[in-house]
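Heads up: the structure comes next, in structure tokens.
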Amino acid sequence: MGVVILLVMAAGVAAMLTRKLPTAFALVILAVVIAFAAGAPLTGENSVLDTVLQEGAPALAATMIAIVLGSWLGKLLEETGVAATLVRKIVEFGGDRPVVVALGVLAVSALVGTVTGSAPAAMLAGLIGIPAMIAVGIPKVTAAGTILMGIAVGIPFELPLWQFFSTALELPVPTVRGFMVKLFPFALVAAVLYVFVESRRRGVEHTWSLKSLLDKPRSPSRRQRLGDAPWYALLTPTVPLILALGFELAIIPSLLAGVLYALVTTTRPREMNKRLLRTLYGGFEIAAPPIALFIAIGILLAAVKLPGAVEALEPLVKAVSPQNAVLFVGVFTLLVPLCLYRGPLNVFGLGAGIAGVLISTGIYPAAVVLGMATSYNQVFGVADPTSTQTVWAAQYAGVSPQQVMVRTLPYVWAVALGGLCVTAATYL
């Protein structure tokens, strides 16, 4: 029966890779099929309807709330001009020094990445940052990659992500936070190296060669008409991080504090009510796709944790899972490409189910699976040509997602290696 479940998983991967089914739909169908293959009854205890669908769908509810709040805060950063002001100030400071401008945009991208992920983060930093980098001579591929590498620097401190791993892997938030702090230096060093190496190796491209991109007419935004955000409002992205990391406040209150700080420092009292509602509704629109995905992931996790699935998969998974620390690092470093193109190690796809199998069968402690999943997520968040932030950044810069993948993959692969080494040294 374990072989049948693995074949079903392989079919699910194929459906996602070939775009036959959206990822969320494929995961739900996969979960139901796995449950039936594991011998689960239709209703009752450990059943398809009551356990997999009913209990699995809201299993990641705390993560969904954190995603909504992060999206709300991101929408506030956009509407109030906080993100745009940060980028403009960096560009003004950098002047005509390409590397300085790129490093500044990298820093802003990292700040935005702590608040919200995916395409909204790329847009907040990239709408101004990418044309600014290209204007001073940064190659288009490098400009797009700089935005993504910057977001990856912020990912270890993205509070909704802490909540996701805490809930999905049944780990306390301090454990997740502790590993993310250890992962951060690898992401930071890789991002800075990327800017220095790629901008110098590729050379400076004259702005006249990019005229078609830069001369696109753009109507001034509301924020541009109103001017820059106040200097104290620019601290908004750090507020949730300081509360959650420095004062160890819970994730949802930390995000709410960031929302309130952004509102109070940028909005007149008589306009607060309208802005609150407008940005909240906008945040829901941004959060809708990841919420649908997290509902599907919760259902999949419930399916792979069924007693029948655990019993069937344990001997097979155990046979191919290295226990030696050196072998662990070597094998899972070589498997890094399997998290690309919505592959089987993508934690926001079938990888969540595999993580559940590894934990429920007792192959690895949950902390080891956390190290693997977060290390792979650093790769997926930057180099996967199917991820929304990669597609947006590449297209906005005028290059293909595959070009960005080729340039960024060596750097984020090294980040994954670092994360796996820390995992092996700490937990194995």
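The values are calculated or read from the model by the stated rules, or taken from the named source; none is laboratory data. Here the structure is a predicted model, which means the values were calculated and not measured. For neighbour counting, all protein chains shown are included, and Cβ atoms are generated from backbone atoms with ideal geometry for every residue, glycine included. Heads up: the accessible areas ignore ligands, DNA and RNA and are worked out on the full protein's heavy atoms, side chains in. Shrake-Rupley method; radii C 1.70, N 1.55, O 1.52, S 1.80 Å.
Listed values, structure above:
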| read-out | value |
| --- | --- |
| Number of the exception - P58 against (1) crowded, with 17+ Cβ neighbours inside 10 Å; (2) in contact (Cβ under 8 Å) with a residue 24 or more places away in the chain | (1) |
| Residues within the range 305-331 that are under 18 Å from Y376 (Cβ atoms), outside any loop (DSSP other than H, G, I, E, B) and at pLDDT below 90, tallied | 2 |
| Test: G129 is more than 29 Å from Y364 (Cβ to Cβ), crowded, with 24+ Cβ neighbours inside 10 Å and out of contact with any strand residue (DSSP E or B) (no Cβ under 8 Å at 6 or more places or on another chain) | yes |
| Yes/no for V399 being open to solvent by less than 30 Å² (accessible area, probe 1.4 Å), within 20 Å of A191 (Cα to Cα), β-branched (V, I, T) and more than 17 Å from the chain's Cα centre (by Cα) | yes |
| Identity of the residue in the range 229-281, of a type in the set (S, T, N, Q) and more than 13 Å from L77 (Cα to Cα), that ends up modelled with the lowest pLDDT | N273 |
| Residue tally, condition open to solvent by 60 Å² or more (accessible area, probe 1.4 Å) and in a loop (DSSP other than H, G, I, E, B), over the range 1-38 | 6 |
| From K305, K318, residue being closer than 16 Å to T167 by Cβ and charged (D, E, K, R) | K305 |
| Every residue from the range 105-116 that is free of Cβ contacts under 8 Å to residues at least 60 places away in the same chain and either of a type outside the set (G, A, S) or surrounded by 24 or more Cβ atoms within 10 Å (Cβ to Cβ) (or both) | V105, V108, S109, G113 |
| Filter result (surrounded by fewer than 21 Cβ atoms within 10 Å (Cβ to Cβ), closer than 17 Å to A31 by Cα and among the hydrophobic types (A, V, I, L, M, F, W, C)) within the range 303-324 | V310 |
| Test result for Q395, among the polar types (S, T, N, Q) and without any contact (Cβ under 8 Å) to a residue 12 or more places away in the chain | yes |
| Output for the range 402-417, where each listed residue is open to solvent by 10 Å² or more (accessible area, probe 1.4 Å) and either more than 20 Å from M123 (Cα to Cα) or touching a helix residue (DSSP H, G or I) at 6+ places or on another chain (Cβ under 8 Å) (or both) | Q403, M405, V406, R407, L409, P410, Y411, W413, A414, L417 |
| Residues of the range 242-277 classified as charged (D, E, K, R), under 25 Å from the mean Cα position of the chain (by Cα) and assigned to a helix (DSSP H, G or I), total | 0 |
| Complete set of residues in the range 164-176 that are open to solvent by 30 Å² or more (accessible area, probe 1.4 Å) and either in a helix (DSSP H, G or I) or under 18 Å from G353 (Cβ atoms) (or both) | T167, E170, V173, P174, T175 |
| Failed item, numbered, when P185 is tested on (1) surrounded by fewer than 18 Cβ atoms within 10 Å (Cβ to Cβ); (2) on the phi < 0 side of the Ramachandran plot; (3) modelled with pLDDT under 95 | (3) |
| Subset of the range 40-59 [in a loop (DSSP other than H, G, I, E, B) and not β-branched (V, I, T)] | A40, P41, L42, G44, E45, N46, S47, G56, A57, P58, A59 |
| Pick from the range 350-390, criterion without any contact (Cβ under 8 Å) to a residue 60 or more places away in the chain and out of contact with any Leu (no Cβ under 9 Å at 6 or more places or on another chain), ranking: most open to solvent (accessible area, probe 1.4 Å) | G362 |
| Filtered residues of the range 39-55 (kept if open to solvent by 20 Å² or more (accessible area, probe 1.4 Å), polar (S, T, N, Q) and out of contact with any Asp or Glu (no Cβ under 9 Å at 6 or more places or on another chain)) | N46, Q54 |
| Residue ID - nearest to the chain's Cα centre (by Cα), chosen from residues in the range 338-349 that are in contact (Cβ under 8 Å) with a residue 40 or more places away in the chain and open to solvent by 10 Å² or more (accessible area, probe 1.4 Å) | F348 |
| Helices (runs of 4 or more DSSP H) wholly inside the range 81-161 that include at least 1 residues being of a type in the set (K, R), at pLDDT 90 or above and on the phi > 0 side of the Ramachandran plot | none |
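Every residue, every condition in (1) among the hydrophobic types (A, V, I, L, M, F, W, C); (2) open to solvent by less than 10 Å² (accessible area, probe 1.4 Å); (3) over 20 Å from the mean Cα position of the chain (by Cα), yes or no:
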position	(1), (2), (3)
F93	yes, no, yes
P120	no, no, no
I134	yes, yes, yes
A143	yes, yes, no
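Here's the yes/no breakdown for (1) aliphatic (A, V, I, L, M); (2) at pLDDT 90 or above; (3) more than 30 Å from I138 (Cα to Cα):
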| position | (1), (2), (3) |
| --- | --- |
| V336 | yes, yes, no |
| Y341 | no, no, no |
| A366 | yes, yes, yes |
| V369 | yes, yes, yes |
| N377 | no, yes, no |
| R407 | no, yes, no |
| C421 | no, yes, yes |
| A425 | yes, yes, yes |
